[in-house]
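The values are calculated or read from the model by the stated rules, or taken from the named source; none is laboratory data. Please read all numbers here as calculations on a predicted model, not as lab measurements. Glycine gets a Cβ as well: all are built from the backbone with ideal geometry, and neighbour counts include every protein chain shown. Heavy atoms of the whole protein, side chains included, go into the accessibility calculation; ligands, DNA and RNA do not. Shrake-Rupley method; radii C 1.70, N 1.55, O 1.52, S 1.80 Å.
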Amino acid sequence: MGPILYLLYTNALFIQYNDENVKTIAFADDTVILASGMTWSDASTKLETALSKIFGYMCASKLKINAQKSNFMAFAASKLSIPKELSIKIHASGCDKQRCICEELKRTESTKYLGIIIHQNLKWDCHINYITNKIRRLQYGFKIMAQVCSTKRALQIYHALVESLLSYGLLLWGGSYEKSLKPLKIIQKRILKIILHKPKLYPTIQLFNDCKIMNITQLYTLQICKHIFYTDIKLIDHPYQTRAKCKLTTKISKPNKTITQSFFINRLPKIYNAMPDNIKKTKSNRSYIRKVKEWIKATI
């Protein structure tokens, strides 16, 4: 089945229910259903209702849900707040829930969606470890490559194989705690030292200056700045004559929970306010990225 035909065939899947607390997100055939509620019982009921309608649509369209490849996850700030007996079933139309024998979805604490490992507590240690291990396996290849390739060519390969892994989904996990990011930062520096033929104790700042490569913190800031370019920022406008009156600034939100402090959406206002006004006023995307990179390397 071709991609366009598949999209036409499954397009009605996203209009099977009308509930603002239930959302469907899909990329090709990878589909996610998000349900929220005031209580766990309320959220699970809404999810089961949505699954039941989708199941009916799939049967009518001669399609089938592969329950073996499907799972569900309960999101919460703390693992202790999630009930242990929580379960989700795919109910068929007209199912008697008192005598239900419908298929039950497997519960998981983390799952991979579009190459990113998502944890039920919105922590990114699993995904960071996954990336670290993938990059660590490239280390030997770079050792061999450094002996036969020029530094310029090796850095090009670094951008293709390593920096692409570091940049993918960085807006989500880039704000993690330093303890979680430390192994990833170490392996990044180790590969750059191999490429440049530097000793293990070579200074970090000098290393990144020599190869003109951004570290993980700088890459994360760059991704936020790119997001700023396409975001309609609400500027502060007040009648008082303050020092910030003539500057382009936005309101900094105060997260209610500690875990949300690491979310890029809460770090975005601080980075925007610290950014020079001449960069904020830049209209060209290419000029904006160039100026942002120069500013990040000079300040972060």
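Looking at ILE135, ILE131, just one residue is crowded, with 18+ Cβ neighbours inside 10 Å, within 19 Å of CYS211 (Cβ to Cβ) and in contact with a Leu (Cβ under 8 Å, 6 or more places away or on another chain), and that residue is ILE135.
Matching residues to (1) more than 26 Å from the chain's Cα centre (by Cα); (2) over 16 Å from LYS106 (Cβ atoms); (3) hydroxyl-bearing (Ser, Thr, Tyr):
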site: MET58; (1), (2), (3): yes, yes, no
site: MET73; (1), (2), (3): no, no, no
site: LYS79; (1), (2), (3): no, yes, no
site: LYS84; (1), (2), (3): yes, no, no
site: SER93; (1), (2), (3): yes, yes, yes
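Does any residue in the stretch 288-300 that is open to solvent by less than 60 Å² (accessible area, probe 1.4 Å) come within less than 6 Å, Cβ to Cβ, of a residue that is of a type in the set (D, E, K, R) six or more places away or on a different chain, and which pairs are these? Note: no pairs meet the criteria.
Taking LYS226, is it closer than 25 Å to ILE271 by Cα, open to solvent by 50 Å² or more (accessible area, probe 1.4 Å) and touching a residue at least 40 places away in the same chain (Cβ under 8 Å)? Answer is yes for this residue. Exactly one residue among LEU47, LEU8 is assigned to a helix (DSSP H, G or I) and open to solvent by 80 Å² or more (accessible area, probe 1.4 Å), and that residue is LEU8. The residues of the stretch 20-44 that are exposed (fewer than 14 other Cβ atoms within 10 Å of the Cβ) and either over 25 Å from the mean Cα position of the chain (by Cα) or part of a helix (DSSP H, G or I) (or both), listed by number, are MET38, THR39, SER41, ASP42. Whether any residue in the stretch 128-138 is in contact (Cβ under 8 Å) with a residue 12 or more places away in the chain, farther than 28 Å from LEU268 by Cα and assigned to a loop (DSSP other than H, G, I, E, B) is what I want to check. Taking every residue of the stretch 128-138 in turn, at least one turns out to be in contact (Cβ under 8 Å) with a residue 12 or more places away in the chain, farther than 28 Å from LEU268 by Cα and assigned to a loop (DSSP other than H, G, I, E, B). Selection of the stretch 262-287 for residues being touching a residue at least 24 places away in the same chain (Cβ under 8 Å), open to solvent by 30 Å² or more (accessible area, probe 1.4 Å) and not in a helix (DSSP H, G or I) yields PHE263, LYS281. Is one or more of the residues making up the stretch 65-78 surrounded by 13 or more Cβ atoms within 10 Å (Cβ to Cβ) and without any contact (Cβ under 8 Å) to a residue 24 or more places away in the chain? Checking the stretch 65-78: not a single residue is surrounded by 13 or more Cβ atoms within 10 Å (Cβ to Cβ) and without any contact (Cβ under 8 Å) to a residue 24 or more places away in the chain. Which of the residues spanning the stretch 139-177 are open to solvent by 50 Å² or more (accessible area, probe 1.4 Å) and either within 30 Å of ASN266 (Cβ to Cβ) or not in a helix (DSSP H, G or I) (or both)? Correct list: SER150, HIS159, SER164, TYR168, LEU172, TYR177. Just to be sure, is LEU8 aliphatic (A, V, I, L, M) and touching a residue at least 40 places away in the same chain (Cβ under 8 Å)? The answer is no for LEU8.
Selection of first residues in the stretch 178-193 that are within 16 Å of LEU161 (Cβ to Cβ) and open to solvent by less than 10 Å² (accessible area, probe 1.4 Å) and of second residues that are acidic (Asp, Glu) and part of a helix (DSSP H, G or I), restricted to Cβ pairs under 7 Å at least 6 apart or on distinct chains, gives an empty result.
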